[in-house]
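Shown next, in C-alpha cells, is the structure this report addresses.
Rule-based calculations on the coordinates, nothing more; no lab input. Note that this is a predicted model, so its numbers are computed, not measured. Note: ideal-geometry Cβ built from the backbone for every residue, glycine included; neighbour counts use all protein chains shown.
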Amino acid sequence: MVDEGILEFIKSRIDQFETPPRVALSSKFPLLKKPIITTRCSIRIIKDLFDLKLADHHSKDYFEHVVARHQSVLVRKLGNSDVRLQLQKITNLKLAAGELDGVIIPAENVFSLWHIVGRPHEKRGYVKGMLLSNGKVVEGVGGGLCQMANLLFWLFLHGPFSIEERYHHSRDVFPDSGRVLPFGSGATILYNMVDLRMKNISNSPLQLKVWLTDTHLKGQILSPVQLETKYHCFEKNHMFVKKNDQYYRYNEIWREELVEGKVIKTEKVITNFAPVMYEITDEYIEEHDFEVLDLSKENVEKGQNLIENLA
C-alpha cells in the first residue's frame, strides 16, 4: 500500500492542475511580457553582482580526485521532436561547457548556472534549439541547455551539495526511450529567473570539469582531497496516476550518504509530480512494468486500490 500522505499529496496536486490558474498579467497584456521579463532578469543580475557567495572563479588546473562523474547522449529519440534541433543544440552545449569547465566552488559557496554561463544570445554564438514551453516543443535561441542542467544536477546530487534552487519540468512531455535515470532527476532552466543553484556543504573547494565528445556530454566533480563521504541516489514510489482520461506521473528521489560503505544518512531530496502529455496505452504500461494508481473509480477510498509492492 502507498502511504496515505503520498495519496493526499497527489490529490492536492491534481486539484491544482484541474483548477484554472490565475491569469498572469503578461498574458492579459502581451505587450508587457518583454519589459516584465527584462526587469526581473536585470534585478537578479544586480543582486548576484553583490552576492559574494556565488562561485565565479575558474582554473584549468584540475583537482586530482573525482567525486562524481556522469555522461549523457547528445542525440536520442524524444517522441516526435525534430532531430535537427537536437543537432543544433550541440553548438549551445559547447559554448556553455566552455564557460562551466574549470569552475571552482569554494566551501559554503553557491554554484549558479546562469551566473556562470550568462545570457544565451545570438551575438555570443548561440543558435536555435529545442525548448519546452507549457508542455510544448518550441524553437528558441539557446535551446538544449536543459541537458546541461540535467547533467549538472545529477552530478551535484552525488556530491556534498545542498539544493538552493532547482525546478523540474511542469509536464512529462516525452515517453521513456532509452531512459537511464529516474523520471524527474533533471532540472529545467530559463534565463535567468529559473536557475540551478547548488551549495557546496563540504569543507573543501570543489571543481567542475565539463566537456563534449562526438557522442556524449560529460562532466565530473573534482576535489583536491579524497572525500570520505560517498553518495548514492535512487528512486522510490514511482507510479502513473490516472484520473478519468488524464494521466499524471509521481516519484521521489532519495539520497544516501555512505562512509566506508556504511549508510549514515538517508533523505528524500526531490518529489516530482507532473501531468503526462503523451498517450499512455496498456501496452506501454506493460512494456515498462509501470505501476498505475487509478483514481477514476468511485469506490477508491484512501488508496485501497493502489498497486501493491510500492516502497
message: Given R₀ = 51 Å, what would the calculated FRET efficiency be for Thr39 paired with Lys262, taking r from the Cβ atoms and rounding to 0.05?
response: 0.50
task: Starting from the Cα of Asp15, step 7 Å along the direction of its Cβ; do the same at Arg84; then give the gap between the two resulting points in nm.
output: 4.6
message: Between Met193 and Glu279, what is the label-point separation in nm under the 7 Å Cα-to-beta-carbon projection?
response: 3.5
- request: Multiply the residue gap between Thr91 and Asp61 by 0.36 nm, knock off their C-alpha separation, and tell me the result in nm, one decimal place.
  value: 8.3 nm
message: How would Trp254, Trp114 line up from fewest to most surrounding beta-carbon atoms within 10 angstrom?
response: Trp254, Trp114
field: Only Lys, Arg (+1) and Asp, Glu (-1) charged, at Cβ; the chain dipole about Cα centre in debye
entry: 1560
- prompt: From the phi of every residue in the stretch 247-264, what ³J(HN,Hα) in whole Hz does the Karplus formula 6.51 cos²θ - 1.76 cosθ + 1.60 yield, where θ is phi - 60° and glycine or proline is x?
  reply: 9, 10, 10, 10, 6, 10, 10, 10, 9, 9, 9, 10, 10, 6, x, 9, 6, 10
- prompt: Which of Phe63, Phe234 comes first, and how do the rest follow, when ranked by fewest Cβ neighbours within 10 Å?
  reply: Phe234, Phe63
- line: Proxy exposure order for Asp101, Asp51, Asp214 (fewest C-beta within 10 Å first) is Asp214, Asp51, Asp101
field: In the stretch 203-266, the GluC sites (Glu not before Pro) that fall in loop regions by DSSP, at most 12 other Cβ within 10 Å
entry: Glu228, Glu260
query: Taking the structure as given and computing mean projected area of the Cα convex hull in nm², which label from (1) 24.4; (2) 18.1; (3) 16.7 fits?
result: (2)
statement: With -39,500 (n - 2.57) per DSSP H segment of 4 or more residues and division by the full residue count of the chain, the 222 nm estimate, nearest 500 deg cm²/dmol, is -7500 deg cm²/dmol
- prompt: Using 7 Å Cα-to-Cβ label points, what is the Ile163/Val225 separation (nm, one decimal)?
  reply: 2.9
